[in-house]
Amino acid sequence: MLTVTILVVLGIGLLALASNKHFKLVGWLYENKKRHTRKVDGKKFIQNGLRISGWLLVVGSLIVAVNATPSLAISLVWWFSLISGAIFLVALSINK
C-alpha cells in the first residue's frame, strides 16, 4: 500500500500544479517568450502534460489498490481515504 500512497500523493500534486492558480510554482518549465519561435503554446502543453500525468497516476493507484487486497470494499475505502489525505497534504504544502 506504500506504492498506492506514493502514486496518489504524486498524482494529486501534479493535478494541483497543473491548475492556473499554482502553475507559477513550475513556471521555470515555461520557455521564455523571447525565445518562443513556434506557434505552440508552451504553457498549455506543460499544463496538459501535468494533468494527463496526474490522472494517470491517480487511476494507476486505484488499479494497484484494487488488485493489492482481496476485498474490494476495503481497498476502495483505503483508496478514498488516501485521496482525501493527499488532497489535504497537497493543499497545505501549496498554500504555505
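The values are calculated or read from the model by the stated rules, or taken from the named source; none is laboratory data. Everything quoted here is computed from the prediction, not taken from an experiment. Because the Cβ atoms are built from the backbone with ideal geometry, glycine has one as well, and the counts that use them run over all protein chains shown. For accessibility, only protein heavy atoms count, side chains too; no ligands or nucleic acids. Shrake-Rupley method; radii C 1.70, N 1.55, O 1.52, S 1.80 Å.
With respect to I87, is the statement that it is of a type in the set (A, V, I, L, M, F, W, C) and either open to solvent by less than 70 Å² (accessible area, probe 1.4 Å) or outside any helix (DSSP H, G or I) (or both) true?
Numbers: of a type in the set (A, V, I, L, M, F, W, C): yes; either open to solvent by less than 70 Å² (accessible area, probe 1.4 Å) or outside any helix (DSSP H, G or I) (or both): no.
So I87 does not fit the description; no.
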Scanning the stretch 78-96 for residues that are under 17 Å from A18 (Cα atoms) and out of contact with any helix residue (DSSP H, G or I) (no Cβ under 9 Å at 6 or more places or on another chain), the one modelled with the highest pLDDT turns out to be F88
By residue number, the members of the stretch 19-46 that are surrounded by 13 or more Cβ atoms within 10 Å (Cβ to Cβ) and either modelled with pLDDT of 80 or more or of a type in the set (V, I, T) (or both) are V26, I46
Picked from the stretch 48-67 (must be over 16 Å from S81 (Cα atoms) and open to solvent by 60 Å² or more (accessible area, probe 1.4 Å)), the residue modelled with the lowest pLDDT is N48
